[in-house]
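Structure first, commentary second.
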Amino acid sequence: MNRRSPHTVNDVMTSTVVAVGLDAQFKEIVAAMRKWRVTAVPVLEGEGRVVGVVSEADLLAKEELRDEELTMTGQKQHLADYAKAGAVTARDLMSAPAVTVAAGATLPRAARLMAEHRVKRLPVVDEQGVLKGIVSRSDLLKVFLRTDDDLASEVRRDVVDRFFPVSRGGIRVDVEKGCVTLTGSVRDATLIPVAERLTRAVEGVVDVRCDLIAPMVVDAAPER
């Protein structure tokens, strides 16, 4: 049986990306961010390999420390910040190494990377680390734009038809605003929680209500 593969980063990423080189100047970077309305840009070297990322936070160090008067101890604690405050090129401003994701990575994998590293977007790279696109938090939410009919078709094909080949004619799959309701009678009660779990795992499903039942079959008493 052919099953739909999980969505990958490649399915939702933005292929047109604003990026800068290692020698890009401070004002050039700020101008690019403003023009393209982005909060961070990948830094590239050579044939497009991602070596770092310059974010708004990296740029703001120059403004944040402009008027600060720190003690000697405070200055030692903020050495990295002071270095960025005095930087004028992407080479010195960027955070490195860059946190990147492969185009073939699953959406949950990308979401975990963003959460772990507290970033809003990830450069998408190939096996050589060459930039192929960018994926943001909003991109990961695109799967929730799938239509109710599309979700219903996938649940019926990959869950109902697969696990209940005998009972499938009596099972209803209703979807409203991404919320799936399963109703009907099945033969094997042990498969009901499996069906609910797999339905919930379908990308784009918001919630699941599982009203499947498995009527008890009472054997006739033996004749005496």
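The values are calculated or read from the model by the stated rules, or taken from the named source; none is laboratory data. Values in this document were obtained by computation on a predicted structure and should not be read as measured data. Quick reminder, even Gly has a Cβ in these numbers, built from the backbone with ideal geometry, and neighbours come from all protein chains shown. Just the protein is used for accessible areas: all its heavy atoms, side chains included, with ligands, DNA and RNA removed. Shrake-Rupley method; radii C 1.70, N 1.55, O 1.52, S 1.80 Å.
Results, tabulated for the structure shown:
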| item | result |
| --- | --- |
| Förster radius 22 Å - calculated FRET efficiency between D174 and A201 (Cβ-Cβ, nearest 0.05) | 0.75 |
| In sequence order, calculated HN-Hα J values of segment 39-52 (Karplus, 6.51, -1.76, 1.60; Hz; x Gly/Pro) | 9, 7, 9, x, 10, 10, 9, x, 8, x, 6, 7, 10, x |
| Stretchable slack from R137 to D11, in nm (0.36 nm times residue separation minus alpha-carbon distance) | 44.0 nm |
| Fraction of accessible area attributable to carbon and sulfur, segment 122-187 (%, probe 1.4 Å) | 51 |
| Accessible area per residue in Å² at 1.4 Å probe, computed on segment 158-217 | 58 |
| For segment 154-160, Karplus couplings with θ = phi - 60° (6.51, -1.76, 1.60), whole Hz, Gly/Pro x | 5, 4, 5, 5, 8, 10, 5 |
| Pair V88, R34: separation of 7 Å Cα→Cβ label points (nm) | 1.9 |
